[in-house]
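J.: Got a structure here, written out as structure tokens. Questions coming.
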Amino acid sequence: MFGHSIKITIAIIAVGLLSACQSSMKNKEQHTNRLIDETSPYLLQHAHNPVDWYPWSDEALEKAQKEDKLLIISVGYSSCHWCHVMEHESFENDTVAQLMNEHFVSIKVDREERPDIDHIYMNAVQLMSGRGGWPLNCVALPDGRPIWGGTYFPSDRWMESLKMLAEMYETEREKVIEYAENLTGGIQKLDSIIPNTSEIDFSCDTLKQRVEKWKGYLDYEKGGHNRAPKFPIPVAFEFLLAYGHLNDDKKLLDQVKTTADRMLQGGIYDQIGGGFARYSTDPDWKVPHFEKMLYDNAQLLSFYAHTYQRFGHERYAEVLAQTHDWLQREMRSDEGGYYSALDADTEGEEGKFYVWSEDELKSLISDKDWSLFSDWYGIQPGTEWEGSFVLQALQTKEGFATKHNLSLEQLNTSISSWQKTLLDARSKRVAPGVDDKVLTAWNALLVTGYCDAYAATGKMSYMIAALDLMEFITANLVMSDGGLFRTFSRGEARIEGYLEDYVFYIDAAIRLYEISGDDSWLHRANHMTRFVFDHFSDYRSDMFYMTSNQSSKLISRSIETEDNVIPSANSTMAWNLFRLARYFDNSGYERTAQKMVWNMEKMTSEYITSYGRWAMLYQFMAGDFYEIAISGEEAFAKKSKLQQQYLPHAIYACADEPSELPLLAERWNEGETRIYICQNKSCQLPVEKVEDALKQLR
């Protein structure tokens, strides 16, 4: 997202809640379109619009070509605030709908279900306007080639634009088609990777220069990057943490710690219920855009697990526990998967579920506790947001306890009591809408988050959550031929999986092996990796397409490489191959991983802030990376002690019985437990004490 910023233009719109509700009720009585048969909550939100919406389908494309009508391709997601606004203003408006139905074939797309479509038309809009965001609205020729687009439009501008486009298609068709051809060529160029044929040469000095450049984009006082809005970008934070740790860069480590501290103290973190909102609208992490996304929280479990390993701050462990509780309470489905998102809006008002008036708080907190409570959560005059308070906890527990002459135990007891009281009161409010589709990729990210939380803390509930979720994915979303479905919604698995579904599943399976020692997960990861090679490979570039060779064809077959709020599918595939090469002694995997990282040399050099996972891999290929092999009856106990350390530059192989895995083969000795620290197919002398193994790693 940094380096190729998505700038969202926000207009201030006065929306009459009562008239919107009445309009919605009227539409539900009068209109039902084809989206009624879908399972996506976002598409179902539009099922009673007077717009004659189609889901993306052959039927819609054939209708456009048969009737020679332009396509409207409108992309969003269920928890998108401005998507809701545009729906109320335009898509529930009979006059707007009449114009759309008469001159266009209109297609609604859930970007989370169909990232391939979203990627293509987002590229189109960014090429046309230099910016993008959601809602994403694109007009295209009947064959799908785009000619015009943007993000949010007020209804008058939307209608003016559509009238102009319909007229141009009638009167200046040759120019429109020529523009579409040129734009499609630009999209296809963006989606292609030119192989880097120069000699591979990973250099620590080169990486250091790039990190020095990155440091200029960081906020050292408030954490994150030095801009607003502030997004948690876990993949970027993870690289900075690892680089700072491995290169003893105190300034960088302090910045990452500041980021971790300020996020958990601010309003972007739900101080009462746990979990992080999608981003902060200000530079202080104070006022969030209140939607909560599964992918953010899954990755932030990993980030806070790693900061806990590195810094030992108990607040980080508390964030893990509280976020876990929120996930179990509000995000877990009855079947065992986890929902995609919670909406930002409640009853048409953004953040209403999460904010508090002072009078309401005083009615819930006793007079004797009020002074302490208001100081801890920042309830002070002049700190309101739109007349209400967004709770923060800006002081450290140690400093606050000393200030108020309390023990930490007393303070923790008070905070727990306040949280319970407010959580109980909040549970009586109208809850935000839930996007209840279960996405394979995001659930796999959560498996990895739980694995990392278990490794850092040794808390068994995290391992159980990881295993249960991975079993759910495997049972419900893996096809008989080894492929994956994308979504599970309302008891039904549907939509063919994308590259990110596969690579995050593989990553999760590798991490499950590392924490559990059950090598069946490692073999599943290897089997699915072969499936990816068979169906997603671009053999010309050694990269991987977003879509399978069995998928329906679009105007471009994308190769996704940018590490944004979610790591790119290709950088994750390279990371998987890098580790599996070591587990299975597979030189082909190793060569492919190196070629992939080298292909991204130019982009990593120019836009390193948007290529965090690539930079991490570059670091491991340029510097030290270790395999830790532990064999013997006490192997798991010793592995657990090692995993509680922050060792980003190592993988684990562990067995308490003889194993044929290459890293463990012929290393079993009855009555002994030995730890082997290996690198580049060469091992140091085995040791039995964890302390001695750590010395070898250092």
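The values are calculated or read from the model by the stated rules, or taken from the named source; none is laboratory data. Only a predicted model underlies this, so the values are computations on that prediction, with no experimental measurement involved. Counting neighbours? That spans all protein chains shown, and the Cβs are built from the backbone with ideal geometry, glycine included. With ligands, DNA and RNA removed, areas are computed over all heavy atoms of the protein, side chains included. Shrake-Rupley method; radii C 1.70, N 1.55, O 1.52, S 1.80 Å.
J.: Got a number for carbon plus sulfur as a percent of the chain's accessible area, 1.4 Å probe?
T.: 47
J.: Count charges around Leu467 for me, please; just the other residues with Cβ under 12 Å from its Cβ, Lys/Arg as +1, Asp/Glu as -1.
T.: -2
J.: Using Cα-Cα distances under 8 Å and only pairs 6 or more residues apart, what relative contact order does the range 597-698 have, in percent?
T.: 26
J.: Something else about it: Quote to one decimal, in nm, the extra length available between Lys695 and Asp538 on full extension: 0.36 nm per residue of separation minus the C-alpha distance between them.
T.: 52.3 nm
J.: Separate question: Taking 0.36 nm per residue of sequence separation and subtracting the Cα-Cα distance, how much length would be gained by fully extending the chain between Glu670 and His404, in nm to one decimal?
T.: 90.0 nm
J.: Which entries in the list Lys189/Lys215; Lys553/Lys595; Lys66/Lys437; Lys66/Lys553; Lys292/Lys428; Lys639/Lys689 go over 22 Å, if you measure between the two C-alpha atoms of each?
T.: Going by Cα-Cα distance, Lys189/Lys215; Lys553/Lys595; Lys66/Lys437 fall outside the 22 Å limit.
J.: OK, next. Hey, what's the range 569-669 come to in accessible area per residue, 1.4 Å probe, Å²?
T.: Accessible surface, normalised per residue, equals 33 Å².
J.: In percent, what relative contact order does the chain have, based on Cα pairs under 8 Å that are 6 or more apart in sequence?
T.: After rounding, I find 12 percent.
J.: Using just the helices of the chain, give the 222 nm mean residue ellipticity in deg cm²/dmol: DSSP H runs with n ≥ 4 each add -39,500 (n - 2.57), and the total is spread over all residues, rounded to 500.
T.: One gets -15500 deg cm²/dmol as the mean residue ellipticity at 222 nm.
J.: By the scheme Lys and Arg +1, Asp and Glu -1, what is the net charge of all other residues having a beta-carbon under 10 Å from that of Thr346?
T.: In short, -3.
J.: Oh, and also: For Asp424 and Lys163, what is the calculated FRET efficiency with R₀ set at 41 Å and r taken between the beta-carbons, to the nearest 0.05?
T.: 0.15
J.: I need the semi-axes of the equivalent ellipsoid of the range 631-698: take the C-alpha gyration tensor, multiply each eigenvalue by 5, square-root it, list largest first in whole angstrom.
T.: Working through the eigenvalues yields semi-axes of 18, 14, 11 Å.
J.: Shape call for the range 386-543 from the C-alpha gyration tensor, a ≥ b ≥ c root eigenvalues: rounded (a/c under 1.5), prolate (a/b greater than b/c) or oblate?
T.: Prolate shape, in that a/c is at least 1.5 and a/b is the bigger ratio.
J.: Positive end of the dipole of the chain, charges at C-beta (+1 Lys, Arg; -1 Asp, Glu), about the Cα centre: which of Gly133, Tyr339, Trp598 has its Cα farthest in that direction?
T.: Highest projection toward the positive end goes to Trp598.
J.: Separate question: Lys and Arg at +1, Asp and Glu at -1: add these up for the other residues within a Cβ distance under 15 Å of Gln299 and post the number.
T.: Combined, the nearby Lys, Arg, Asp and Glu give -2.
J.: May I pose another question? Multiply the residue separation of Lys63 and Glu471 by 0.36 nm, subtract the distance between their alpha-carbon atoms, and state the gained length in nm to one decimal.
T.: Gain on extension, Lys63 to Glu471, equals 142.7 nm.
J.: Another question, if that's okay. Compute for the chain: radius of gyration divided by Kirkwood radius, i.e. Rg/Rh, restricted to C-alpha atoms, rounded to two decimals.
T.: Rounded to two decimals, Rg/Rh equals 0.97.
J.: Right, here's the next one. Sorted by accessible area with a 1.4 angstrom probe, largest first, how do Trp521, Trp575 fall?
T.: The ranking, largest first, comes out as Trp575, Trp521.
J.: In addition: List the relative contact order of the range 85-167 as a percent without decimals, with contacts defined as Cα pairs under 8 Å and 6+ residues apart.
T.: 30 percent.
J.: Between rounded, prolate and oblate, where does the range 344-438 land on the alpha carbon gyration tensor, with a ≥ b ≥ c its root eigenvalues, rounded for a/c under 1.5, else prolate if a/b exceeds b/c?
T.: Since a/c reaches 1.5 and a/b is larger than b/c, the shape of the range 344-438 is classed as prolate.
J.: At 1.4 Å probe size, with no ligands or nucleic acids counted, give the accessible surface of Thr32 in Å², nearest ten.
T.: 90
J.: Evaluate E = 1/(1 + (r/R0)^6) for Glu590 and Glu174, where r is the Cβ-Cβ distance and R0 equals 45 Å; express this FRET efficiency to the nearest 0.05.
T.: 0.30
J.: Roughly what would the spin-label model give for Arg530 and Ser155, points 7 Å off Cα along C-beta, in nm?
T.: Between Arg530 and Ser155, the label points sit 5.8 nm apart.
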